Structure formats: C-alpha cells, structure tokens
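The values are calculated or read from the model by the stated rules, or taken from the named source; none is laboratory data. Given the structure is predicted, the values throughout are model-derived calculations rather than measurements. Ideal geometry is used to build each Cβ from the backbone, glycine not excepted, and the neighbour counts take in all protein chains shown. Surface accessibility is based on the protein's heavy atoms, side chains included, excluding ligands, DNA and RNA. Shrake-Rupley method; radii C 1.70, N 1.55, O 1.52, S 1.80 Å.
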Amino acid sequence: RSVYSTLAYQGYGRRLPLDELRSINDWAIRGHWPDLAILIEVNTETLDERMKLRNKDRFEREGKRFHDRVRKGFTALAADEPERWVVIDGNASARVVRQRIRKAVSKRLGI
C-alpha cells in the first residue's frame, strides 16, 4: 500500500479531512510522493468472489458504503493525477493482470 491508501481509506472512507491528511502525509514522506501508482479496477462481482477466499482485515470487514467511498476515492485520486497513475483492468486471471501491470509499468517507465 502507499500514501494514496491513507487518503482513500481515511479520507474518503472514514471521511477525515483530505487536506489535513495530505499535509500530514506530505510531511511524513518529506514531499517524496510516488512517481507511479497502480489502480487495479475490479467489478463488484469479481471482487466479492475473491474476497471470499481472504482472511479479512479490519478495513476489509467494513460495510459496502465504506468500500464504495474508498473505491470512489481511489478513482478520484487517479483522475486528479493521471501522470502518476496507471489504471489496470483487474477482472482477468492473476496471470493476465500481472502481464497488464508489467506492460503498463514498462511503458510508463520507458523500459
């Protein structure tokens, strides 16, 4: 996870003030924001199936409204800084998603 997870989960999910969270996190990371962040988008049905297989942490046990806010938060963060974010369709198999991530990262980093 990254500093963006804090903004999505605490800011959007828990509705804490985003400006304050950004300021605190900017101080904590000394202004070194990630050059690249990856958002893996998955439809609700696929996500529900995958979550059945997990041992859920306290955030994952939160209700649907919380997770809807978090999802909207990540989407907003990615839209606000498209130069930092790569959005990946995560509905395919793990192998395909890995390939998509590798391709996108290689392209973005020019390698």
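One table, with the values for the structure above:
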{"quantity": "Looking only at segment 1-30, and only at residues there that are of a type in the set (A, V, I, L, M) and closer than 24 Å to residue 97 by Cα, the one that is surrounded by the most Cβ atoms within 10 Å (Cβ to Cβ)", "calculated": "8"}
{"quantity": "In segment 31-50, the residues that are in contact with a strand residue (DSSP E or B) (Cβ under 7 Å, 6 or more places away or on another chain), of a type outside the set (Gly, Ala, Ser) and open to solvent by less than 40 Å² (accessible area, probe 1.4 Å)", "calculated": "39"}
{"quantity": "Search result, residues across segment 82-111 that are closer than 23 Å to residue 9 by Cα and without any contact (Cβ under 8 Å) to a residue 40 or more places away in the chain", "calculated": "82, 83"}
